[in-house]
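Below is one structure, written out as structure tokens; the observations come after it.
Nothing in this text is a laboratory measurement; each read-out follows from the coordinates by a stated rule. All of these numbers come straight from a predicted model, not from anything done at the bench. Note: ideal-geometry Cβ built from the backbone for every residue, glycine included; neighbour counts use all protein chains shown.
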Amino acid sequence: MGPTSKNDLKPEDLAKIEADNKAGTAERPARRSHGKVAVLCVVAFFGMVGAAYAAVPLYKLFCQATGFDGTVRKAVAKPTKVLDRKVEVRFDANVRTLPWDFQPMQNSQDIRIGDTGLAFFKVTNKGDKPMTGRALYNVVPEQAGAYFQKLECFCFSNQTIQPGQTVEFPVVYFVDPGFVTDADTKDKSTITLSYTFFPAVPDASGAKQAESPPRIVEPLGGKPPRAL
């Protein structure tokens with residue numbers, strides 16, 4: 001039997017073939033459309049993951065720049081103006097899931113606003129292996145975070161302490177004179193600086209951040225430095 005020509009087909013067969021052709025033509029762009037949607041979903045997923053990783057350091061930078069949420073600001077220079085008014089600075093220390101003993105070496109200090117203060121914190125690793133921790137910090141009342149600033153602090157980087165080792169860390173700080181003109185802080189007479197040591201968290205590459213060893217800091221008033 002020879003090949004069947006289009007003229008040999010019945011009208012109902014031709015209609016069926018034409019309908020099948022139309023369905024196949026409509027199906028191809030639909031498959032392409034589904035593929036584009038899948039690609040967009042994958043891109044959106046990885047974009048959200050990247051945004052989640054970026055949100056933490058960006059939030060930290062924002063808080064340190066503005067003093068938001070009681071976060072202490074990192075300063076590059078002390079104020080040029082020192083006021084007669086004093087404020088009491090209290091110190092608090094805590095540890096989370098580390099075998100460390102962490103405590104301030106002074107309960108409080110009275111400091112003139114705009115002047116530089118120096119405080120020490122002591123950490124002892126009571127575990128049987130080296131441990132690396134990172135200290136997070138804030139102040140109370142939260143509104144003081146914009147004015148309580150630090151020039152030197154062990155909290156700026158990870159700290160590794162050997163088993164049985166005791167280390168003393170200095171903190172050099174000041175209260176900016178703007179503290180007395182802000183409506184939210186001008187009537188405050190006490191600030192509490194609080195630290196909490198947590199296990200150090202690896203960065204995105206899996207490596208822990210660079211450590212900063214304790215340094216010898218010359219205390220105010222010409223006293224001999226502490227041996228750290």
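Key figures
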| quantity | calculated |
| --- | --- |
| Cβ-based exposure ranking for 186, 74, in which fewest neighbours within 10 Å come first | 186, 74 |
| Residue 83/residue 183 FRET efficiency (R0 22 Å; Cβ-Cβ; nearest 0.05) | 0.80 |
| Charge dipole (the range 124-194, unit charges on Cβ, about Cα centre) - positive-most of 146, 127, 169 | 127 |
| Too-long pairs where the Cα-Cα distance tops 22 Å, listed order kept, from 78/186; 122/150; 74/126; 129/150; 150/188 | 74/126; 129/150 |
| Rounded Å value of the spacing that divides the Cα centres of the range 150-189 and the range 116-135 | 14 |
| Contour minus Cα-Cα distance for residue 101 and residue 75 (0.36 nm per residue) | 6.5 nm |
